[in-house]
Amino acid sequence: MNRYLAIYRLTFRNSLIREMNFKANFLLWMIVESCWFLGQMAFIEVMYGHVTEIAGWTKWQLVCLVGTHQIISQVFQGFFYINLANLPELIRTGRLDILLALPVDAQFAVSTRQVSFDSFVNTFVGIGIVAFSLVKLGVVPEVWQVVVFAFAILLGVAVHYAVMFSLAAVSFWMIRGQALIHGYFNLFHIGRYPDAVFRGAFRFIFTWIMPIILVSNVPAKLLARPFESPWVGLATLVAATVIVLAGTRAWWLFALRRYGSASS
C-alpha cells in the first residue's frame with residue numbers, strides 16, 4: 001500500500017506540473033464548468049418561479065441536490081474521468097502494453113495516470129452551493145451528518161468510476177468505445193434530479209442496474225431532508241457500490257484475457 005501511495009504522489013505531482021504549464025487551459029476549463037453550473041442554477045430559478053415544489057422538493061432542497069451532484073461529478077472528473085476516457089485509445093493503439101508491463105496492478109495504472117486539478121477547484125463551488133442552500137433552509141447539520149454525507153459522496157464517486165470503467169473496458173471488443181463513455185457521462189447528469197420524479201422501468205434501471213439516481217439523492221437527503229430516514233438509502237448505496245466495484249474488477253480481468261495487443 002505504501003508503494004502505491006508513493007506512486008500516486010508522483011502522479012499527482014506530475015499532473016500538477018503539467019497543469020501549471022498550461023495555465024490558460026486550466027483557467028478556461030474552470031470558467032466553462034462554472035458557467036455550466038450557473039446555467040443549472042438559472043434553470044432552477046425559472047422552474048420555481050412557477051411552482052413551489054417538485055415531487056415534494058422545495059427550491060433550496062433541489063439546489064442542495066444540484067450542489068451535491070456538482071461535488072460528486074467534479075471529484076470523479078478530477079481523479080478518474082480523463083483516464084477512463086483515454087482507455088479505448090490505449091487499447092486501440094496498443095499503448096496499453098506499456099501499462100501492463102509495469103510492476104503494479106494494471107487497473108490501478110490505467111485509472112490513475114492523470115489528475116485534473118481544475119475539477120478540484122470547481123468542487124468548492126458545489127460545496128459553497130450546498131452550504132448556502134442549507135442556510136436558506138435553516139438547517140444546521142450535526143457532525144455525524146457531515147461525516148456520513150462525505151462518506152456517501154465517496155460512494156457516489158466509486159459508483160461512477162465502476163460503471164464508466166466497465167463501459168470503457170468494452171473497447172477490448174470494439175474498435176472505438178468512446179461513444180459509450182460519453183453517453184454515460186451525459187446520462188449521469190440525471191442524478192441532479194429528485195428520485196421521486198422517476199417512475200417505472202427508468203427508475204429501476206438507474207437505481208438498481210446503473211445506480212445513478214442514488215449517488216446524488218442519498219447524500220443530499222442527509223442534509224436537505226433530515227426528516228426522512230437516511231439509513232435505507234445509505235445501505236442501498238453501500239450495497240450498490242460493493243456490487244458494481246466487484247463486478248467491474250471481474251469484468252476487467254475477463255477483458256484482459258481477451259486482449260491480444262494491437263502493437264504486436
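Where a number appears in this text, it was derived from the coordinates with a stated rule and is not lab data. Bear in mind the structure is a predicted one, so any value in this text is a computation, not a measurement. In this analysis, Cβ positions are derived from the backbone assuming ideal geometry, glycine residues included, and neighbour counts consider all displayed protein chains.
Projecting label points 7 angstrom from Cα along Cα→Cβ for M1 and M47 puts them 4.1 nm apart. The modelled label-to-label distance between M30 and I127, using points 7 Å beyond Cα along the C-beta direction, is 1.5 nm.
Comparing the chain with the 2.2 N^0.38 Å rule of thumb, its C-alpha radius of gyration ratio is 1.06 (two decimals). Packing, taken as the mean count of other beta carbons within 10 Å per residue, orders the peptides 114-121, 72-79 from highest to lowest as 72-79, 114-121. Ordered by the number of other Cβ atoms lying within 10 Å of each residue's own Cβ, fewest first, H50, H189, H160 fall into the sequence H50, H189, H160. Computed from the C-beta positions of I82 and Y8, the FRET efficiency with R₀ = 22 Å rounds to 0.90.
Among R18, R225, the order by Cβ neighbours within 10 angstrom, fewest to most, reads R18, R225. Against the longest alpha carbon principal axis of the chain, how many degrees, from 0 to 90 and to the nearest 10, is the axis of helix 23-47 turned? Orientation of helix 23-47: about 30 degrees from the principal axis.
With Cα atoms defining each centre, the stretch 1-22 and the stretch 216-264 are spaced 25 Å apart in the structure. Counting 0.36 nm for each residue step from V238 to R176 and taking away their Cα separation leaves a gain of 19.1 nm.
The convex hull built on the alpha-carbon positions of the stretch 3-113 has an orientation-averaged projected area of 9.9 nm². Under a Gaussian network description of the chain, with springs only between Cα atoms under 10 Å, the residue in V46, V110, V157 that fluctuates furthest is V46.
Using only Cα atoms and rounding to the nearest 10 degrees, what angle (0 to 90) does helix 212-224 make with the longest principal axis of the chain? Tilt of helix 212-224: around 40 degrees.
Here the sum of -39500 (n - 2.57) over DSSP H runs of 4 or more residues, divided by the residues of the chain, equals -23500 deg cm²/dmol at 222 nm, to the nearest 500. Seen against the Cα atoms of the chain and their longest principal axis, helix 82-93 is set at about 30 degrees. Each 5 Å bin from zero up to the one holding the largest Cα-Cα distance in the stretch 180-264 carries the following percent of pairs: 3, 12, 18, 20, 18, 10, 7, 5, 4, 2, 1, 0, 0.
For the chain, the dipole from Cβ point charges (+1 on Lys and Arg, -1 on Asp and Glu) about the Cα centre works out to 540 debye, to the nearest 20. Estimated translational diffusion coefficient (Stokes-Einstein, Kirkwood radius over Cα pairs, 37 °C, 0.692 mPa s) of the stretch 109-264: 189 µm² per second.
Comparing F202, F185, F37 in a Gaussian network model of the chain (Cα springs below 10 Å), the most mobile by mean-square fluctuation is F202.
By the beta-carbon count within 10 Å of each Cβ, the least crowded to most crowded order of C64, C35, fewest first, is C35, C64.
Net length available on complete extension from A106 to W231 is 41.5 nm, with 0.36 nm assigned per residue and the Cα-Cα distance removed. Report the residue, chosen from M41, M20, M210, that carries the largest GNM mean-square fluctuation when the chain is represented by alpha-carbon nodes joined by springs under 10 Å. For the chain, modelled as a Gaussian network with Cα springs under 10 Å, the answer is M20.
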